[in-house]
Amino acid sequence: MRVIGIDPGLGCTGWGVIAREGSRLHHVANGQIRTDPAQPIASRLVAIDAGLAAAIAAHGPHFGAVEEVFVNTNAQSTLKLGQARGVCLLALARAGMPVAEYATRLVKKALVGTGGAEKAQVQAMLKVLLPGVKLAGADAADALAVAICHAHMHRG
């Protein structure tokens, strides 16, 4: 089974694909889709959609998993994150795959054992679970963590 995990963001959306064979996990690919803040929001959302469509086409995942939105103190930031997240959900659904959503605390707990883990702890555990992985950046690392969380939660 192949899973694509997504860490949505308007400025940078991370994605990561893993394969699970039995109880073993393998890194397939990871990357980040950066958008130009000088562009209108609609253009940035199109860029996220196109980047995800390309990753899905290139790596053929069977399942999609997206990190849930957390609420910022800034309502505008939360709204923009929600719009980016909606595009991510749409891209996965359009590709015809089942989509799961996971809270950040659950993702951290699935990887590190505690929902309050720091980003450095999550990235260290990724290197243990996916030996030799080269991370495209922090958002790609978070996306791989979401994919691994799904692989642990979904045993079908």
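For the reader, a short list of remarks on this structure follows.
- Residue match in the range 72-86 (condition: buried (at least 21 other Cβ atoms within 10 Å of the Cβ) and on the phi < 0 side of the Ramachandran plot): yes
- Restricted to the range 51-79, and to residues there that are modelled with pLDDT of 85 or more and in contact with a Gly (Cβ under 7 Å, 6 or more places away or on another chain), the residue that is nearest to Ala141 (Cα to Cα) is Ala65.
- Residue within the range 140-147 that is over 26 Å from Leu90 (Cα atoms) and surrounded by 14 or more Cβ atoms within 10 Å (Cβ to Cβ) present: no
- Restricting the range 58-87 to residues that are without any contact (Cβ under 8 Å) to a residue 24 or more places away in the chain and part of a helix (DSSP H, G or I), the residue that is farthest from Ile33 (Cα to Cα): Ala75
- Residue in the range 55-68 that is out of contact with any strand residue (DSSP E or B) (no Cβ under 9 Å at 6 or more places or on another chain) and surrounded by fewer than 19 Cβ atoms within 10 Å (Cβ to Cβ) present: yes
- Only one of Gly96, Gly116 that is out of contact with any helix residue (DSSP H, G or I) (no Cβ under 9 Å at 6 or more places or on another chain), outside any strand (DSSP E or B) and surrounded by fewer than 14 Cβ atoms within 10 Å (Cβ to Cβ): Gly96
- Of the residues making up the range 10-28, those that are surrounded by 14 or more Cβ atoms within 10 Å (Cβ to Cβ) and either at positive phi or of a type in the set (Val, Ile, Thr) (or both) number 4.
- Whichever residue in the range 1-46 is assigned to a strand (DSSP E or B) and of a type in the set (Lys, Arg) and, among such residues, is farthest from Ala58 (Cα to Cα): Arg24
The values are calculated or read from the model by the stated rules, or taken from the named source; none is laboratory data. Given the structure is predicted, the values throughout are model-derived calculations rather than measurements. Reconstructed Cβ throughout: ideal geometry from the backbone, glycine too, with neighbour counts over all protein chains shown.
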